[in-house]
Amino acid sequence: MEEGTLYPLLRRLESQGVLVSEWRTEGQPRRYYRLSAAGEELYVRLKDSWYGMNEAMGRLLKGDR
């Protein structure tokens, strides 16, 4: 992934409240990102949705409707 794609995406997710970041200055200064509480909730919802869709597709492909 290109740097010009990744960092704007991280900043956008932070502005939406999904991520939080902090600067760490030990050694070379770097910004670290992690999920916020809202990001954790979104992750759980998206994961549950993904598993539900996978189950539905599995039933369709097996013909078990």
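The C-alpha atoms of the chain define a longest principal axis, and helix 37-62 lies at about 30 degrees to it.
For the chain, the relative contact order works out to 21 percent when only alpha carbon pairs closer than 8 Å and six or more residues apart are counted.
Amide H to amide H distances under 5 Å link residue 36 with 19, 20, where only residues 5 or more positions off or on other chains count and H is placed in the peptide plane.
Enclosing the Cα atoms of the chain in their convex hull gives a volume equal to 130 cubic angstrom per residue.
Against the chain, whose longest principal axis comes from its Cα atoms, helix 3-15 is set at around 80 degrees. The helix-only estimate of mean residue ellipticity at 222 nm for the chain, built from DSSP H runs of length n ≥ 4 each weighted as -39500 (n - 2.57), is -20500 deg cm²/dmol after division by the residue total.
A short reminder: the numbers here are calculations on the coordinates, not readings from a lab. Source: prediction; values computed, not measured.
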